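Structure first, then comments.
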Amino acid sequence: MGSTLLPITMESRSTPTLSSATAMPNPMNNDQLFAGCRYQEQPGAPHKTALAYASSQINGARLIECPFFPHGWALDTRRKERAFFFEKHGTGAGVFDLQQQRFVRTIPPFDQRQFYGHGVLAGAGELLLSTESDPQGQGFIGMRDTNTLRYLGDFPSFGARPHDCHLVDNGRVLAVTNGGAKAGESPAPCISYIDVETHQLLDRHDMPGSAFNTGHMVPVSGSTALIASAPRLGLGVDHEGAVSWCHRSEATLRGMPYPQDRLPRLLGEALSIALLPHERLAVVTHPTPGVLTFWRLDDQSLWHSMPVDNVRGVALAGDGHSLWLSHGAQGSLSILRMDGREPSVQPVLRQAPMAGSHLLNYPVALATALASPA
């Protein structure tokens, strides 16, 4: 394991096998896409886990085998080929070489901790921070030396079951989503803003009510962030998710109403978020109903929605105006264009294995990380 690169296809709706992916006319240019994957070498075989990779250079998709199901990542801005991926709610994490498309090594969890899916590099890239929890769900931010991966200690996430995290305020503050305890129990889901140097809580913003967790977030500025939520722990996909805004001047998150005359019931989680900065829009995926929602950044209102089957991952394309989407039962890739009055979706790679929660466009994400103080 580690350096095996496998071409794949999906030959049925339920069982992926190893062969070649079905490519459509390819507008990928220099984009390189990565996403978590579970697959079988043949029908009835045990499921394996991998990081799936697609680019115009290979005209399809391949698998980088690894011992866990990758969810979120942190990019090394000093050794640009390195990326750290984390399992969601599990003991798996590891280092990948994205330029060589190979798995390098695992990152062991501390004590009885579990990784909770995301991480970020701080301290001029010298410190790897990751969301973690103990067996009771208490949240921590683990600290590791970026070069050696030696565990350096931790500080509280100031909530339960922390998941996503981002640096704001020129790298001085860590914003964390804490998913919270089960519905009806404490602590509540919240967003915590933590001083990276002192590890002190600066401010905390609770999710009102007991229906939603706080899952993924995208900072729009140092004082505003968009939040995507699943139903609260213990509630199933027959409950709705949510899209909310966090304003650091307000004590609680501000939920966005779903206009019933414009949207179906958005059951299950609101999952991935991407910004279209030139269009001043945020785009959120809703896999269970198969819907994309578009939110205006300027007045934080719903602009548009459109159906896309089981849409999960979303990432900004290299042109800065389009979005990559992973969707469908087999993780197909499509590109969403914003060149008309309404968005349009063009299939690019059918039956690819990009079925993880998120989609990484490596060149774009790396350029963004290099431009952002850590």
### Query
Quick one: would you say D97 is without any contact (Cβ under 8 Å) to a residue 60 or more places away in the chain, charged (D, E, K, R) and closer than 23 Å to K48 by Cβ?
yes
### Query
Out of the residues in segment 6-55 that are of a type in the set (A, V, I, L, M), over 16 Å from G313 (Cβ atoms) and in a strand (DSSP E or B), which is modelled with the lowest pLDDT?
M10
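Residue-wise test of (1) hydrophobic (A, V, I, L, M, F, W, C); (2) over 25 Å from W73 (Cα atoms); (3) surrounded by 17 or more Cβ atoms within 10 Å (Cβ to Cβ).
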residue: F212; (1), (2), (3): yes, no, yes
residue: M217; (1), (2), (3): yes, no, yes
residue: W245; (1), (2), (3): yes, no, yes
residue: S249; (1), (2), (3): no, yes, no
residue: M256; (1), (2), (3): yes, yes, yes
residue: D261; (1), (2), (3): no, yes, no
### Message
Anything in segment 143-173 that is of a type outside the set (A, V, I, L, M, F, W, C) and in contact with a Leu (Cβ under 7 Å, 6 or more places away or on another chain)? List them, or say none.
### Response
R144, D145, T146
### Task
Filter segment 40-72 down to residues that are aromatic (F, W, Y) and touching a Gly at 6+ places or on another chain (Cβ under 7 Å) and give me whichever is nearest to V364 (Cα to Cα).
F69
### Query
So which of D298, D309, D261, D238 is without any contact (Cβ under 8 Å) to a residue 12 or more places away in the chain and either of a type in the set (A, V, I, L, M, F, W, C) or part of a loop (DSSP other than H, G, I, E, B) (or both)?
D261
### Message
Looking only at segment 99-143, filter to residues that are modelled with pLDDT of 95 or more, part of a loop (DSSP other than H, G, I, E, B) and acidic (D, E); which one of those is surrounded by the most Cβ atoms within 10 Å (Cβ to Cβ)?
### Response
D134
### Query
In this structure, does A228 turn out to be of a type in the set (A, V, I, L, M, F, W, C) and either in contact with a Phe, Trp or Tyr (Cβ under 8 Å, 6 or more places away or on another chain) or farther than 30 Å from E126 by Cα (or both)?
no
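The values are calculated or read from the model by the stated rules, or taken from the named source; none is laboratory data. All values derive from a computational prediction rather than experimental measurement. Counting neighbours? That spans all protein chains shown, and the Cβs are built from the backbone with ideal geometry, glycine included.
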